Amino acid sequence: MFKILKVRGHSLQPDVRPGDFVVVACTPLLRRSLRPGDLVVFQRKPYGVMIKRVHRVDNDQGELFVLGTDEDSLDSRSFGALRYRDLIGKVIWHVRGGV
Amino acid sequence: MFHSILEKMDRVFHFDEASAHCDIPCGIYDPHLAQLAALTVIRMVDLMTELDQAPKVENLTYHNSMARYIAVKEEHAELCKREIRVIWGDYIKAEHLEKYPELHGLVHKIMQLGSKARQSSDRETALELLAAVNQFAEIFWATKGIATKRVKAPYKPGEEVVYPAL
């Protein structure tokens, strides 16, 4: 239902920094409530578990377009939209304190 | 406080990691997204106009549809600006500016038109935005020594877009 994850990487700086923690709600029902600006955690091959910010939601197609804040972020601009099935969950609590 | 508690817990439980993956500067730049965004702005203006001129629909439905069109227009005008800014800031180098001294002015024009497209529902402004982005795309591909062609987008609004002639 809930997961605690530690963030690594710089693509969401300055909002989310490496070493921050996030609490992720993994309820499938939350998928329908996602909005631009939400932080989501998802699985993306070959990169593994990733965290990005929702840029656009297409409920009809079951797709999300996610972006980082850093110009060099690896996100939907390079790997395209996410399917809902790739989602692990939505960040409901972001604990800052990373570097 | 919470962070230090979680740090201590992490040492014991070893939480999984989520990667905010940042790319190595990869050299992959393409104005295509900006062009698609500019086309979307035109399309949204068309849909807004159609809705406004259609026989009166129920008030709530009207406002719902109009709000959605406006939101997408806002989002894509901003996306267009962002994509151009990234190419301009990260890819365009001094030698490109020497060869195409109009680039700074053109990028500034795109920023202004993008903002104007957000502020208004004027189709001419949206068309000007696409024209400026197409001009930027032609220069971008020229810096790579790649010829371009102009083709009509095979979907509404069916305006001309610059593609690399590969």
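The values are calculated or read from the model by the stated rules, or taken from the named source; none is laboratory data. No experiment lies behind these values; they were computed from the predicted model shown. Neighbour counts run over all protein chains shown; Cβ positions are idealised from the backbone, glycine included. Protein only, heavy atoms only, side chains kept; ligands, DNA and RNA dropped before computing areas. Shrake-Rupley method; radii C 1.70, N 1.55, O 1.52, S 1.80 Å.
Structure notes:
- Filtered residues of segment B:94-136 (kept if within 24 Å of B:L51 (Cα to Cα) and polar (S, T, N, Q)): B:S115, B:Q119, B:S120, B:S121, B:T125
- Some residue of segment B:7-16 being farther than 24 Å from A:S73 by Cα, touching a strand residue (DSSP E or B) at 6+ places or on another chain (Cβ under 6 Å) and either of a type in the set (V, I, T) or open to solvent by 70 Å² or more (accessible area, probe 1.4 Å) (or both): no
- Unique match (being more than 10 Å from chain B (Cβ to nearest Cβ), outside any loop (DSSP other than H, G, I, E, B) and not aliphatic (A, V, I, L, M)) among A:R35, A:R31: A:R31
- Scanning segment A:41-55 for residues that are without any contact (Cβ under 8 Å) to a residue 24 or more places away in the chain and more than 7 Å from chain B (Cβ to nearest Cβ) yields a total of 4.
- Residue among B:I28, B:I42, B:I5 that alone is within 13 Å of chain A (Cβ to nearest Cβ) and part of a helix (DSSP H, G or I): B:I5
- Test result for B:C22, within 26 Å of A:R44 (Cα to Cα) and at pLDDT below 95: yes
- Hits in segment A:1-31 (condition: open to solvent by less than 10 Å² (accessible area, probe 1.4 Å) and of a type in the set (F, W, Y)): A:F21
- Restricting the first member to segment A:1-25 and to residues that are at the interface with chain B (Cβ under 8 Å from one of its Cβ atoms) and in a loop (DSSP other than H, G, I, E, B), and the second to residues that are of a type in the set (D, E, K, R) and open to solvent by 50 Å² or more (accessible area, probe 1.4 Å), the beta-carbon pairs closer than 7 Å and six or more apart or on different chains are A:L12/A:R53; A:P18/A:R8; A:D20/A:R96.
- Residue, most open to solvent (accessible area, probe 1.4 Å), within segment B:80-94, restricted to residues that are farther than 13 Å from B:I139 by Cα and at pLDDT below 95: B:R85
- Against the conditions (1) under 30 Å from B:G158 (Cβ atoms); (2) open to solvent by 40 Å² or more (accessible area, probe 1.4 Å), B:K73 satisfies every one except (2).
- The lone exception for B:L33 - which of (1) closer than 26 Å to B:K144 by Cβ; (2) open to solvent by less than 20 Å² (accessible area, probe 1.4 Å) it fails: (2)
- Residue that is nearest to B:M1 (Cα to Cα) [pool: residues in segment A:58-99 that are open to solvent by 50 Å² or more (accessible area, probe 1.4 Å) and among the β-branched types (V, I, T)]: A:V99
- Among residues of segment B:71-94 that are over 8 Å from B:A37 (Cβ atoms), those with a beta-carbon under 8 Å from a residue that is open to solvent by 50 Å² or more (accessible area, probe 1.4 Å) and assigned to a helix (DSSP H, G or I) at least six positions away or on a different chain give the pairs B:K73/B:R118; B:E74/B:R118; B:E78/B:R118.
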